[in-house]
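Contents: one structure, followed by commentary.
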Amino acid sequence: MKEKVVIIGGGVAGLSAGIYSAMNGFDTEIYEMHSVAGGQCTAWDRDRFRFDYCLHWLVGTSKGPFHEIWRETNVLNDQTEIIDHEIHSQIIDNKGERFTIYADINRWEEYLLKLSPEDEKPIRSMCREMRKSARLEPFTSAPELRSPLEYLRLLPSMIPLMFVVQKFGRLTCAEYFDKLNFKSEKIRTAFHSLYGDRNFSALAFIFMLGWFNQKNAGYIKGGSYPLAQRMRERYESLGGRIVFRKRVEKIIVEKNIAKGIVLTDGTVIKADHVISAADGFSTIYKMLDGKYTSKQVEHAYKNWELFPPLVQVSFGVGKEVKADAPILLNFSKGVKIGMTELEYGFSLMNYSYDNTMAPEGKTTIVMRYESPWKLWENLEGEAYRAEKEQIKKDAVACLESIHPGISGSIEVIDVATPKTDVKYTGVKDGAYEGFLPTRENMMKGLRMQLPGLKNFYMAGQWLFPGGGLPPSAQTGKWAVQMICKKKRQKFISNR
């Protein structure tokens, strides 16, 4: 009989693990608490408008190991259309002036030099480091399985990056910007607005445009929902089975060997191998009762900062609204939406470039802003509903500040809160991308296996600060690589 692999969570990591499990001849099942696949990679329809919760760009749309994963899992195929934006984003200040971040580093350098010729030295220095980061190439194998040959293959691209990491690895963005010492007030204000005084790694900023510069971080037309559905179709075509509306309560362990799972309804599912692609904290401290940890795991969950949760306000607008940039960042001070004082402003995503997101002649616009989990944790019932109504009113006013007169054309408003995210994905404290990449953890990660526990593997974005879809899918693949290695069978990545 085939050995059975049970996977907890039907997000991108779980679907990836399921696909590679099925490719490699395992009997495989995914148990997903929601009614649809995708996890955080999702979208929903309201009156023919589609509101996307995840996809703005995807690393690996043209080449490299991530690209291979996307092709193998059917995220990318001959029918998918990739849109490479010329502009990454624009920042708007209190005066209404805009600062543009171009996707092409050379073009952005020209723009900055024209904006502030007196800052030539720091501008060229910053862009030079960004070009070096563009050489970053991910590993193809799990950390435990990498051979010396794989390290040698990547050595030419790693050497320049080692100097960048050594020089800037312990700096926050604010410290890095201060070190560059720009003379231009507009440049200083724009850069400090991006991350403020938060503990956000300077390396994350330096790496930001590397993939875009290579046209390897495009937007997949259609967005998150069809992306996840293509993965589900690939999984099921290989014989995999996904069970919806089933939440895992416990992981069965016998003599320190994972043997299956127990659902909240008491159903017992036996397995030879268990992969958890669910929320990391819930997996380790609830499903496994905190019995299998390490100093590294304990330190991470106690000390590493989480991404602040988001409120998403989606608008279905009954007319065409064109935008210069796909993402507009408004960092105006003193803005309040509902009960949240916007410390870092709000973003607007205009999906006018994707005609699948709205009926013809209409536009989908999505607003997002950070809102502390403590404001939402105990908000229930009428107070919760009243807050959502207030958010709608305040968000419309913010949208009006960018697009005067637009409120009369709004046909649909939808509010998704941090509680919405927790309800459908189980993510800890609404931290939609797990651990924030800081100067302490940017180049660190957590192991996929827990000490003392056999036949069990972690997958998903909680293993790497910064999170995101690429490492999620990658760890799903790596988990199956590790199972195959243990069984001494050849790992298959395309079937």
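Conditions (1) assigned to a strand (DSSP E or B); (2) touching a helix residue (DSSP H, G or I) at 6+ places or on another chain (Cβ under 9 Å), marked per residue:
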| residue | (1), (2) |
| --- | --- |
| 329 | yes, yes |
| 343 | no, no |
| 356 | no, yes |
| 364 | yes, no |
| 369 | yes, yes |
| 383 | no, no |
| 386 | no, no |
| 391 | no, no |
| 397 | no, yes |
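Conditions (1) among the aliphatic types (A, V, I, L, M); (2) free of Cβ contacts under 8 Å to residues at least 12 places away in the same chain; (3) within 30 Å of residue 485 (Cα to Cα); (4) surrounded by fewer than 15 Cβ atoms within 10 Å (Cβ to Cβ), marked per residue:
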position	(1), (2), (3), (4)
144	no, no, yes, yes
150	no, yes, yes, yes
159	yes, yes, yes, yes
220	yes, no, no, no
236	no, yes, yes, no
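Test residue 101 against the stated conditions and say whether it is at negative phi, buried (at least 19 other Cβ atoms within 10 Å of the Cβ) and not charged (D, E, K, R).
Spelling it out, residue 101 is indeed at negative phi, buried (at least 19 other Cβ atoms within 10 Å of the Cβ) and not charged (D, E, K, R).
Looking at 212, 244, 177, which one is surrounded by 22 or more Cβ atoms within 10 Å (Cβ to Cβ), out of contact with any Lys or Arg (no Cβ under 9 Å at 6 or more places or on another chain) and either among the hydrophobic types (A, V, I, L, M, F, W, C) or within 28 Å of residue 10 (Cα to Cα) (or both)? Even if it seems obvious, please write down each step before you answer.
Values: 244 fails: surrounded by 22 or more Cβ atoms within 10 Å (Cβ to Cβ); 177 fails: out of contact with any Lys or Arg (no Cβ under 9 Å at 6 or more places or on another chain).
Testing whether each residue is surrounded by 22 or more Cβ atoms within 10 Å (Cβ to Cβ), out of contact with any Lys or Arg (no Cβ under 9 Å at 6 or more places or on another chain) and either among the hydrophobic types (A, V, I, L, M, F, W, C) or within 28 Å of residue 10 (Cα to Cα) (or both) leaves just 212.
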Practice prompt. Out of the residues in the stretch 183-192 that are open to solvent by 10 Å² or more (accessible area, probe 1.4 Å) and either on the phi > 0 side of the Ramachandran plot or not hydroxyl-bearing (Ser, Thr, Tyr) (or both), state the one that is nearest to the chain's Cα centre (by Cα).
Written response: 192
Worksheet entry | Out of 208, 126, sole residue that is assigned to a loop (DSSP other than H, G, I, E, B) and either among the aliphatic types (A, V, I, L, M) or in contact with a Cys (Cβ under 7 Å, 6 or more places away or on another chain) (or both) | 208
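Kindly indicate which of 371, 276, 294, 314 is buried (at least 19 other Cβ atoms within 10 Å of the Cβ) and farther than 22 Å from residue 398 by Cβ. Before you say what the answer is, go through the steps one by one.
Details: 371 fails: farther than 22 Å from residue 398 by Cβ; 294 fails: buried (at least 19 other Cβ atoms within 10 Å of the Cβ); 314 fails: farther than 22 Å from residue 398 by Cβ.
Answer to the selection: 276.
With the structure loaded, tell me whether residue 477 is assigned to a helix (DSSP H, G or I) and open to solvent by 50 Å² or more (accessible area, probe 1.4 Å) or whether it fails that test. Give the derivation first.
Details: assigned to a helix (DSSP H, G or I): yes; open to solvent by 50 Å² or more (accessible area, probe 1.4 Å): no.
No; evaluated as a whole, the condition is false for this residue.
The values are calculated or read from the model by the stated rules, or taken from the named source; none is laboratory data. Everything numeric here is computed off the predicted structure, so don't read it as measured data. All Cβ positions, even for glycine, are placed from backbone atoms using ideal geometry, and neighbour counts span all protein chains on display. We work out accessible area using only protein heavy atoms, side chains counted, and drop any ligands, DNA or RNA first. Shrake-Rupley method; radii C 1.70, N 1.55, O 1.52, S 1.80 Å.
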